[in-house]
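Input: a single structure, listed below in structure tokens.
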């Protein structure tokens, strides 16, 4: 993994639909060289797929939040099975530390948020924080991977 691979990954995170020609202009390589590098990143499993960025507010889900949950029963797999069935949850991570689970959710109203909090709280103690803005969107920390050999 060299600086060109990192630059390509950054450009693809910004726009996963960018053409090889567009990517080539951004990283100062030829389009065939970019195509070869992207293929290598895909084949090695560094790039695992492509997805669209979605504006949740435009889908009628203007309230986004982070929910921390300290489970009543640690490690109970049935809890995770039930959490998966909650459609407002957009991410769910089992973590170390005081909360056992950290989730992200999107809802359409404060009433829906209250219902979500009540639904999650049956599994343990929850703490909810509403997202006001995001200084950093999803990104990959690529600055420290200079010596990696892909």
Inset, instruction - Would you check if there is a residue in the stretch 66-79 being in a loop (DSSP other than H, G, I, E, B) and at pLDDT 95 or above? - result: no
Inset, instruction - Select, from 47, 136, the only residue that is within 30 Å of residue 2 (Cα to Cα), in a loop (DSSP other than H, G, I, E, B) and either without any contact (Cβ under 8 Å) to a residue 24 or more places away in the chain or touching a strand residue (DSSP E or B) at 6+ places or on another chain (Cβ under 8 Å) (or both). - result: 136
Legend entry - Residue identified as surrounded by fewer than 14 Cβ atoms within 10 Å (Cβ to Cβ), in a helix (DSSP H, G or I), touching a helix residue (DSSP H, G or I) at 6+ places or on another chain (Cβ under 9 Å) and not assigned by TED's automatic domain parsing to the domain that holds residue 124 among 21, 39, 35: 21
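Consider the stretch 88-104. How many of its residues are within 12 Å of the chain's Cα centre (by Cα) and crowded, with 20+ Cβ neighbours inside 10 Å?
1
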Legend entry - residue 58 surrounded by fewer than 15 Cβ atoms within 10 Å (Cβ to Cβ) and not in a loop (DSSP other than H, G, I, E, B): yes
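The values are calculated or read from the model by the stated rules, or taken from the named source; none is laboratory data. Every value quoted in this text rests on a predicted model; they were computed, and no experiment measured them. Here Cβ is always computed from backbone atoms with ideal geometry, including for glycine, and neighbour counts include all displayed protein chains.
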